[in-house]
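Following: one structure in structure tokens, then a few remarks.
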Amino acid sequence: MRKLNLIRSLLFALMLMALSTASFAQIGVSVSFGPPALPVYEQPICPGDGYIWTPGYWAWDGNSYYWIDGTWVESPEVGFLWTPGYWGWGGNAFLFHEGYWGPHVGYYGGINYGYGYGGRGYEGGRWENNRFYYNTSVNRINNQNIHNTYNTRVEYNSGNRVSYNGGSGGVNVRPSSEEDTYAKEHHTGPVTAQNQHMEQARSNPQAHSSTNQGKSPVAAPNEARMADSNAAHTSSNNHASEVQSHKYAAPPTGKPATDQKYQQQQDKLATKQNQEHQKLQQQQDKEHQQAAKKNTSEPQKQQMEQHHAQQTQQLEQKHVSQQEKVQTHQQPHQNAPPSQNHPPAQKP
């Protein structure tokens, strides 16, 4: 009898493996309540050619949600792109639809994961002649190591942090006919590196929503960091009104004309960023005034304050990234060694 049960168990396991191999983006687990809002976190610098960004998401371990930070992953096949998984309301519970690799980016619930995944498709890069090209407007790329890049501006609602489709408060987006076609293409599931990344997050107590209060617990590796004052400035402000005006000083190069040019670039960036702060502050002040007039409930006020904090932190992270790009552009010129004129070699 034991032997028969063992054989049945093995056959059942093999059947499940066959089904999972044949079709991805299947429903994994169901939960009676939706995941927290997507936390704000910073993308690490791309480690090299062929790596594609896979965004962070909330997973379920049977007892609670836990956060898996986004990570760079090598594509399993040339030409393959990542379709992120997503949570969707199934009528009686929230269901998780597994992500997959394939020749096109399919439907992922209209969730705005950021960094090129604005809800439909992927605008962070594309394959050309068996090589992946990166859109530097939404990705952190070291241009000294990766030269296959382009820059196309991407517009999407950066303040939308909803992490599930359908249900109360969820994203109301349905798959297009094109996305339905993509779902029928040949797919492969997450690669080993992704599964290992998930297990590391699952075993980390700080990754669970009951501990981290809906915030990303792990600093992404290989981050290019600003000075300590800027880092504290970014993390401690919850409203645009608390953010100090930006003012940058370009390091001297020893060349007056170059110093003046670089300082003008820094001043132009600071002026633009301060204008964005002012615009966000006016918007948040207006929402505070509207909430006071409507006698908004305490839970709604808390939700508004959390949304304001996310807006402010995300704007600051955007500004930090912009300033890093300016510094990276200027740095090679600042560090370039002086040219040396060697006398011609004397003939023997």
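Read-outs throughout are calculated quantities, based only on the coordinates presented, and are distinct from any laboratory measurement. Predicted, not measured: the structure shown is a model, and the values here were computed from it. Using ideal geometry, Cβ is built from the backbone for each residue, glycine included, and neighbour counts are taken over all protein chains shown.
Spin-label pair residue 77-residue 265: with each label point 7 Å from Cα along the Cα-Cβ axis, the two points sit 4.2 nm from one another. Measure off 7 Å from each Cα along the Cα-to-Cβ vector at residue 149 and residue 294, then give the distance between these two points in nanometres to one decimal. Simple spin-label model gives 4.2 nm for this pair. Loop-located GluC sites (Glu not before Pro) in segment 118-194 (DSSP state not H, G, I, E or B) with no more than 12 neighbouring Cβ atoms inside 10 Å: 155, 185. Once the Cα-Cα distance is subtracted from the 0.36 nm per residue extended length, the residue 92 to residue 285 segment shows a gain of 65.6 nm.
Inter-part distance, segment 58-126 to segment 160-199, computed on C-alpha centroids, equals 4 Å. Multiplying the residue separation of residue 173 and residue 185 by 0.36 nm and subtracting their alpha-carbon distance yields 2.2 nm.
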